[in-house]
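This report refers to the structure that appears directly beneath it.
The values are calculated or read from the model by the stated rules, or taken from the named source; none is laboratory data. None of these values were measured; they are calculated from a predicted model. No Cβ is skipped: glycine too gets one built from the backbone with ideal geometry, and neighbour counts run over all protein chains shown.
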Amino acid sequence: MLSITSCPNCETSFVVTERQLLAHDGKVRCSHCNHVFNATEWLYEIPDEPATEISYAPQQPTILADLALTRDKIPTPPALRKPASRHYPALIAILIIIATLQSTYALRTQIAGKWPQFKPFMADVCALFNCKVNLPQEADLLAIDDVELREDTEREGLIRLTSTLINNAKFTQAYPALELTLTDPNGKVQVRRVFAPREYLPAERKVANGIAAGEDVYINLAMTVTDIPVSGYRASILYK
(Lines give C-alpha, C1' and ligand atoms only; values in the text may rest on other atoms or scores of the structure.)
Protein backbone atom coordinates (compact mmCIF):
# COMPACT_ATOMS: atom_id res chain seq x y z
CA MET A 1 0.00 0.00 0.00
CA LEU A 2 1.15 3.53 -0.73
CA SER A 3 0.54 6.31 1.79
CA ILE A 4 -0.74 9.46 0.10
CA THR A 5 -1.28 12.92 1.53
CA SER A 6 -2.82 16.01 -0.11
CA CYS A 7 -1.76 19.59 0.41
CA PRO A 8 -4.81 21.49 1.77
CA ASN A 9 -3.57 24.69 0.13
CA CYS A 10 -3.10 23.60 -3.50
CA GLU A 11 -4.71 20.12 -3.32
CA THR A 12 -1.65 18.42 -4.84
CA SER A 13 -1.18 14.73 -3.91
CA PHE A 14 2.15 13.25 -2.75
CA VAL A 15 3.67 9.91 -1.74
CA VAL A 16 4.82 10.06 1.87
CA THR A 17 6.88 7.55 3.86
CA GLU A 18 6.60 6.58 7.50
CA ARG A 19 10.09 8.02 8.13
CA GLN A 20 8.99 11.41 6.84
CA LEU A 21 5.86 11.34 8.98
CA LEU A 22 7.86 10.55 12.12
CA ALA A 23 10.64 13.06 11.41
CA HIS A 24 8.70 16.16 12.45
CA ASP A 25 5.51 14.83 14.03
CA GLY A 26 3.82 14.59 10.64
CA LYS A 27 4.63 18.14 9.49
CA VAL A 28 5.78 18.43 5.88
CA ARG A 29 6.32 21.17 3.33
CA CYS A 30 4.56 21.02 -0.05
CA SER A 31 7.17 21.15 -2.83
CA HIS A 32 4.55 22.67 -5.14
CA CYS A 33 3.41 25.71 -3.12
CA ASN A 34 5.71 25.55 -0.04
CA HIS A 35 2.73 25.32 2.31
CA VAL A 36 3.52 23.58 5.63
CA PHE A 37 0.83 21.21 6.89
CA ASN A 38 0.30 18.08 8.99
CA ALA A 39 0.38 15.22 6.49
CA THR A 40 -1.30 12.78 8.88
CA GLU A 41 -4.50 14.85 8.84
CA TRP A 42 -4.80 14.44 5.05
CA LEU A 43 -3.50 10.88 4.79
CA TYR A 44 -5.05 7.99 2.86
CA GLU A 45 -3.77 4.82 1.21
CA ILE A 46 -4.05 3.27 -2.25
CA PRO A 47 -3.02 -0.17 -3.54
CA ASP A 48 0.63 -0.44 -4.49
CA GLU A 49 1.30 -0.18 -8.25
CA PRO A 50 4.20 -1.43 -10.39
CA ALA A 51 7.35 0.58 -9.90
CA THR A 52 7.40 1.53 -13.58
CA GLU A 53 4.24 3.60 -13.10
CA ILE A 54 5.36 5.53 -10.03
CA SER A 55 8.33 7.80 -9.95
CA TYR A 56 9.34 8.78 -6.45
CA ALA A 57 12.68 10.19 -5.38
CA PRO A 58 12.85 11.15 -1.70
CA GLN A 59 14.78 14.32 -1.03
CA GLN A 60 16.94 15.15 1.93
CA PRO A 61 14.94 17.20 4.45
CA THR A 62 16.30 20.47 5.71
CA ILE A 63 14.08 21.77 8.51
CA LEU A 64 10.93 19.97 7.36
CA ALA A 65 10.47 17.02 5.04
CA ASP A 66 10.10 18.08 1.36
CA LEU A 67 7.87 15.83 -0.69
CA ALA A 68 8.57 15.13 -4.36
CA LEU A 69 5.65 16.09 -6.63
CA THR A 70 3.97 13.01 -8.11
CA ARG A 71 0.65 14.57 -9.10
CA ASP A 72 0.51 12.97 -12.56
CA LYS A 73 1.50 9.52 -11.33
CA ILE A 74 -0.78 8.99 -8.34
CA PRO A 75 -4.56 8.92 -8.87
CA THR A 76 -6.97 10.19 -6.27
CA PRO A 77 -9.14 7.31 -4.98
CA PRO A 78 -12.67 7.48 -6.48
CA ALA A 79 -14.32 7.41 -3.05
CA LEU A 80 -12.21 10.29 -1.75
CA ARG A 81 -13.01 13.92 -2.58
CA LYS A 82 -10.40 16.59 -2.55
CA PRO A 83 -10.69 18.95 0.42
CA ALA A 84 -13.13 21.77 -0.21
CA SER A 85 -11.64 25.16 -0.79
CA ARG A 86 -11.39 27.23 2.37
CA HIS A 87 -12.83 30.14 0.40
CA TYR A 88 -16.19 28.40 -0.25
CA PRO A 89 -17.92 29.53 3.00
CA ALA A 90 -17.04 33.17 2.32
CA LEU A 91 -18.25 32.92 -1.29
CA ILE A 92 -21.52 31.29 -0.21
CA ALA A 93 -22.07 34.02 2.40
CA ILE A 94 -21.47 36.73 -0.22
CA LEU A 95 -23.92 35.09 -2.64
CA ILE A 96 -26.57 34.85 0.08
CA ILE A 97 -26.14 38.54 0.92
CA ILE A 98 -26.40 39.53 -2.76
CA ALA A 99 -29.54 37.39 -3.24
CA THR A 100 -31.12 38.93 -0.11
CA LEU A 101 -30.41 42.47 -1.30
CA GLN A 102 -31.83 41.72 -4.76
CA SER A 103 -35.01 40.24 -3.26
CA THR A 104 -35.42 43.19 -0.90
CA TYR A 105 -35.03 45.64 -3.79
CA ALA A 106 -37.53 43.79 -5.99
CA LEU A 107 -40.08 43.42 -3.16
CA ARG A 108 -39.52 46.79 -1.49
CA THR A 109 -43.09 47.95 -2.21
CA GLN A 110 -44.66 44.82 -0.68
CA ILE A 111 -42.33 44.96 2.34
CA ALA A 112 -43.14 48.63 2.98
CA GLY A 113 -46.85 47.83 2.81
CA LYS A 114 -46.76 44.84 5.14
CA TRP A 115 -44.28 46.36 7.61
CA PRO A 116 -44.74 50.14 7.33
CA GLN A 117 -42.41 50.71 10.30
CA PHE A 118 -39.50 49.78 8.00
CA LYS A 119 -40.48 52.20 5.24
CA PRO A 120 -38.47 55.23 6.53
CA PHE A 121 -35.30 53.12 6.80
CA MET A 122 -35.84 51.54 3.38
CA ALA A 123 -36.53 54.95 1.85
CA ASP A 124 -33.22 56.30 3.22
CA VAL A 125 -31.30 53.32 1.83
CA CYS A 126 -33.14 53.43 -1.49
CA ALA A 127 -32.31 57.12 -1.89
CA LEU A 128 -28.64 56.15 -2.12
CA PHE A 129 -29.43 54.06 -5.20
CA ASN A 130 -31.81 56.57 -6.80
CA CYS A 131 -34.93 54.46 -6.29
CA LYS A 132 -38.22 54.94 -4.44
CA VAL A 133 -40.18 52.90 -1.92
CA ASN A 134 -43.84 53.13 -2.86
CA LEU A 135 -46.81 51.68 -1.01
CA PRO A 136 -48.78 48.85 -2.66
CA GLN A 137 -51.51 49.82 -5.13
CA GLU A 138 -54.08 47.02 -5.21
CA ALA A 139 -57.23 48.75 -6.50
CA ASP A 140 -59.34 45.58 -6.27
CA LEU A 141 -58.79 45.55 -2.48
CA LEU A 142 -60.24 49.05 -2.09
CA ALA A 143 -63.95 49.90 -2.03
CA ILE A 144 -66.19 52.97 -2.05
CA ASP A 145 -69.23 52.72 0.22
CA ASP A 146 -72.06 54.91 1.58
CA VAL A 147 -72.07 57.15 -1.50
CA GLU A 148 -74.30 60.22 -1.43
CA LEU A 149 -74.61 62.81 -4.24
CA ARG A 150 -76.37 66.10 -3.48
CA GLU A 151 -76.44 69.75 -4.45
CA ASP A 152 -74.62 72.22 -2.24
CA THR A 153 -77.24 74.33 -0.46
CA GLU A 154 -74.91 77.30 -0.09
CA ARG A 155 -73.33 77.44 -3.56
CA GLU A 156 -75.45 77.25 -6.67
CA GLY A 157 -74.28 74.86 -9.39
CA LEU A 158 -72.01 72.93 -7.01
CA ILE A 159 -72.57 69.20 -6.49
CA ARG A 160 -70.98 67.30 -3.62
CA LEU A 161 -70.30 63.59 -3.37
CA THR A 162 -69.56 62.16 0.06
CA SER A 163 -68.50 58.57 0.63
CA THR A 164 -66.22 56.22 2.56
CA LEU A 165 -63.02 54.75 1.14
CA ILE A 166 -62.31 51.29 2.61
CA ASN A 167 -59.04 49.37 2.46
CA ASN A 168 -59.90 45.65 2.58
CA ALA A 169 -56.25 44.60 2.27
CA LYS A 170 -54.22 43.23 5.17
CA PHE A 171 -51.54 45.83 4.51
CA THR A 172 -51.23 49.58 4.12
CA GLN A 173 -51.88 50.91 0.62
CA ALA A 174 -51.27 54.15 -1.22
CA TYR A 175 -54.23 56.49 -1.50
CA PRO A 176 -55.74 56.21 -4.99
CA ALA A 177 -57.06 58.89 -7.29
CA LEU A 178 -60.86 59.01 -7.52
CA GLU A 179 -62.70 59.56 -10.78
CA LEU A 180 -66.19 61.11 -10.61
CA THR A 181 -68.35 60.91 -13.73
CA LEU A 182 -71.73 62.70 -13.98
CA THR A 183 -74.30 61.59 -16.56
CA ASP A 184 -77.58 62.95 -17.95
CA PRO A 185 -80.95 61.09 -17.89
CA ASN A 186 -79.87 59.13 -21.00
CA GLY A 187 -76.63 57.94 -19.40
CA LYS A 188 -74.50 60.26 -21.51
CA VAL A 189 -71.38 61.58 -19.82
CA GLN A 190 -71.68 65.27 -19.00
CA VAL A 191 -68.69 65.85 -16.74
CA ARG A 192 -65.72 63.71 -15.74
CA ARG A 193 -63.02 64.68 -13.29
CA VAL A 194 -60.17 62.88 -11.52
CA PHE A 195 -59.40 63.91 -7.94
CA ALA A 196 -55.96 63.47 -6.38
CA PRO A 197 -55.83 62.24 -2.76
CA ARG A 198 -55.06 65.70 -1.40
CA GLU A 199 -58.28 67.01 -3.01
CA TYR A 200 -60.64 64.60 -1.26
CA LEU A 201 -58.90 63.80 2.04
CA PRO A 202 -59.40 65.75 5.27
CA ALA A 203 -56.63 68.30 5.89
CA GLU A 204 -55.18 66.36 8.83
CA ARG A 205 -54.54 63.26 6.71
CA LYS A 206 -50.96 62.65 5.49
CA VAL A 207 -51.07 61.23 1.97
CA ALA A 208 -47.58 59.69 2.26
CA ASN A 209 -48.68 57.45 5.15
CA GLY A 210 -51.27 55.69 3.00
CA ILE A 211 -54.51 54.06 4.10
CA ALA A 212 -53.93 51.41 6.77
CA ALA A 213 -55.17 47.82 6.58
CA GLY A 214 -58.92 47.66 7.25
CA GLU A 215 -59.19 51.44 7.62
CA ASP A 216 -62.22 53.54 6.58
CA VAL A 217 -61.62 57.10 5.38
CA TYR A 218 -64.31 59.74 4.84
CA ILE A 219 -64.07 61.49 1.46
CA ASN A 220 -65.71 64.63 0.12
CA LEU A 221 -65.72 65.56 -3.58
CA ALA A 222 -67.11 68.74 -5.13
CA MET A 223 -67.79 69.54 -8.79
CA THR A 224 -69.31 72.55 -10.55
CA VAL A 225 -72.16 71.64 -12.92
CA THR A 226 -73.79 74.95 -13.84
CA ASP A 227 -76.44 74.55 -16.58
CA ILE A 228 -75.64 70.86 -16.98
CA PRO A 229 -78.48 68.33 -16.55
CA VAL A 230 -77.27 65.66 -14.15
CA SER A 231 -79.22 62.62 -13.01
CA GLY A 232 -76.59 59.92 -12.45
CA TYR A 233 -72.97 59.40 -11.48
CA ARG A 234 -70.13 56.87 -11.30
CA ALA A 235 -67.25 56.89 -8.82
CA SER A 236 -64.13 54.89 -9.68
CA ILE A 237 -60.82 54.12 -7.99
CA LEU A 238 -57.70 54.78 -10.06
CA TYR A 239 -53.98 54.22 -9.67
CA LYS A 240 -51.91 56.10 -12.21
If the requirement is being outside the structural domain of Arg108 (by TED's automatic domain parsing), among the aliphatic types (A, V, I, L, M), under 33 Å from the mean Cα position of the chain (by Cα) and part of a loop (DSSP other than H, G, I, E, B), which of these qualifies: Ala203, Ala208, Ala213? Ala213
Members of segment 26-43 that are among the polar types (S, T, N, Q) and either within 11 Å of Asn9 (Cβ to Cβ) or touching a Cys at 6+ places or on another chain (Cβ under 8 Å) (or both): Asn34
Restricting attention to segment 126-144, report how many residues are farther than 17 Å from Ala174 by Cα and of a type in the set (Val, Ile, Thr). 0
Within segment 35-50, take every residue that is outside any loop (DSSP other than H, G, I, E, B) and among the charged types (D, E, K, R) and give me the one that is nearest to His87 (Cα to Cα). Glu41
For segment 186-199, which residues satisfy the criterion of being surrounded by 15 or more Cβ atoms within 10 Å (Cβ to Cβ) and modelled with pLDDT of 90 or more? Phe195, Pro197
Is there a residue being within 36 Å of the chain's Cα centre (by Cα), small (Gly, Ala, Ser) and surrounded by 15 or more Cβ atoms within 10 Å (Cβ to Cβ) anywhere in segment 170-185? yes
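Okay, residues lined up against (1) touching a Leu at 6+ places or on another chain (Cβ under 6 Å); (2) of a type in the set (S, T, N, Q); (3) modelled with pLDDT of 80 or more; (4) not in a strand (DSSP E or B):
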residue	(1), (2), (3), (4)
Cys10	no, no, yes, yes
Arg19	no, no, yes, yes
Arg29	yes, no, yes, no
Cys33	no, no, yes, yes
Thr52	no, yes, no, yes
Ser55	no, yes, no, yes
Asp72	no, no, no, yes
Pro78	no, no, no, yes
Lys82	no, no, no, yes
Residues (buried (at least 17 other Cβ atoms within 10 Å of the Cβ) and farther than 17 Å from Ile46 by Cβ) located in segment 8-19: Pro8
Which condition breaks for Ala99 when tested against (1) modelled with pLDDT of 75 or more; (2) touching a Ser or Thr at 6+ places or on another chain (Cβ under 8 Å); (3) of a type outside the set (S, T, N, Q); (4) not assigned by TED's automatic domain parsing to the domain that holds Ser231? (2)
Is it the case that Leu180 is modelled with pLDDT of 85 or more and either within 20 Å of Leu238 (Cβ to Cβ) or outside any loop (DSSP other than H, G, I, E, B) (or both)? yes
